[in-house]
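Step one of this worksheet: look at the structure below.
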Amino acid sequence: MSFVKVVGLTKSYNNSKALDNVSLEIERGEIFCIMGHSGAGKTTLLRVLALLEKPDSGEYYFDGEEVDWNDSLRKSITMVFQIPVMFNTTVFKNVAYGLRIRGYPKLEIEKKVRDVLRLVGLEGYENRKAKSLSGGEKQRVAIARAIVLEPKLLLMDEPTANLDPTNSAIIEEIVKEIVRENETTIVFSTHNLFQAKRLAHRVAHIHRGRVVEVGNTEEVFEKP
Ligand code: ADP
Ligand code: ADP
């Protein structure tokens, strides 16, 4: 079975279907892109995959097992949001948060935080106030906070939508590095097809809550 498999996911808000019978399979180690216009259902799909939202119907199999919505897999699946939300403390505490609530020993936390800050290019930023950072730096802190838990699946909802091209390029390099270093599976959404081409192995197009096309990135974009 695929690493991630969803079958017939449906989710409505106010009688309107944000997800309409979505089925997808994603392989381990893949960078998978969800494309679609604003309102197509990308965020809803990612939130369901992140277990932040329960679908009205459908099945979700993760790493060989059907998801139990009451059981928290939340260390195995983490999510980065379009707009990074920083706690009003230091970069160190923002990144360490998930490890601290899980009771990791202090020295291990310090090492893990140091390692992920290096990966996102924020070495030495530990004592900076997270809220004082630039938008690009905040998004990198948000990514560090998500990967410090060593998730098997990392979800990123339009991670560069609010960034300039330079900062977007930095985030794209970080995404590739995460997959290279940790064999993390990444599902991200974008409406930037150049970004999809640069990053993704496979792409799914969603339109009005339905998957209208899925395939290898080259195939999907070379169609007339
Ligand atoms: P996208 O991320 O592709 O822009 P969304 O998943 O955010 O799309 O939204 C899909 C549809 O579901 C939209 O019509 C949106 O208005 C609706 N929707 C999403 N979340 C909610 C919510 N919490 N309450 C009501 N409607 C929602
Ligand atoms: P609290 O306000 O919860 O008491 P502290 O400021 O005492 O938090 O920090 C909690 C722990 O986090 C400290 O024991 C320290 O190990 C670690 N810590 C905080 N900031 C840093 C940093 N910049 N570099 C390394 N470790 C840090």
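General observations
- Here the gap between Thr10 and Lys93, fully extended at 0.36 nm per residue and compared with their Cα-Cα distance, gives a gain of 26.2 nm.
- The ellipsoid equivalent to the alpha-carbon distribution of the range 39-147 has semi-axes of 29, 18, 11 angstrom, derived from the gyration tensor eigenvalues as √(5λ) and listed largest first.
- From helices alone, the chain scores -10500 deg cm²/dmol at 222 nm; the rule is -39500 (n - 2.57) for each run of n ≥ 4 DSSP H residues, then divide by the residue total.
- Cα long-axis angle, helix 91-101 against the chain (0 to 90 degrees, to the nearest 10): 70
- Loop sites in the range 52-108: trypsin sites (Lys or Arg not before Pro), DSSP, at most 13 other Cβ within 10 Å: Lys75, Arg102
- Neighbourhood charge, 9 Å Cβ-Cβ cut-off, centred on Ala96 and excluding it, Lys, Arg +1 and Asp, Glu -1: +3
- FRET efficiency for the Val85 to Glu218 pair, using the beta carbon distance and R₀ = 25 Å, is estimated at 0.10.
- Normalised by residue count, the range 1-86 yields a Cα convex hull volume of 122 Å³ per residue.
- For Leu52, residues with placed amide H under 5 Å, excluding near neighbours: none
- Among beta bridges from DSSP that stay inside the chain, the antiparallel ones total about 55%.
- Averaging the Cα positions of each part gives two centres, and for the range 1-55 and the range 130-175 these lie 21 Å apart.
- Once the Cα atoms are used to define both axes, helix 106-119 deviates from the longest principal axis of the chain by about 60 degrees.
- For Val211, residues with placed amide H under 5 Å, excluding near neighbours: Ser23
- Just checking the listed ones, Gly41, Gly136, Gly103: in the Gaussian network model of the chain with Cα springs under 10 Å, the one fluctuating most is Gly103.
- In nm, spacing of pseudo-spin labels at Ser57 and Ala169 (7 Å Cα→C-beta vector): 4.9
- Student exercise, the chain dipole from Lys, Arg, Asp, Glu Cβ charges, in Debye to nearest 20: 880
- Residue-span extension gain [Trp69 to Ala161] - 0.36 nm each, minus C-alpha spacing: 30.2 nm
- Among the listed pairs Lys93/Lys152; Lys112/Lys176; Lys42/Lys197; Lys42/Lys129, those beyond 27 Å (Cα-Cα): Lys42/Lys129
- Here the scattering of the chain is modelled by Debye summation over its C-alpha atoms, one equal scatterer each and no solvent; at q = 0.09, 0.14 Å⁻¹ the log10 of I(q)/I(0) is -0.36, -0.87.
- With Cα atoms defining each centre, the range 107-121 and the range 194-224 are spaced 34 Å apart in the structure.
- Residue-wise HN-Hα coupling along the range 144-160, computed from phi with Karplus coefficients 6.51, -1.76, 1.60 (Hz; x: Gly, Pro): 4, 4, 6, 8, 5, 7, 6, x, 7, 10, 10, 10, 9, 8, 6, x, 10
Quick note: the coordinates plus some simple rules give every number you see, no bench work behind them. Small disclaimer: the values here were computed from a predicted structure and weren't measured. FYI the Cβ positions are ideal-geometry reconstructions off the backbone, even for glycines, and counts take in every protein chain you see.
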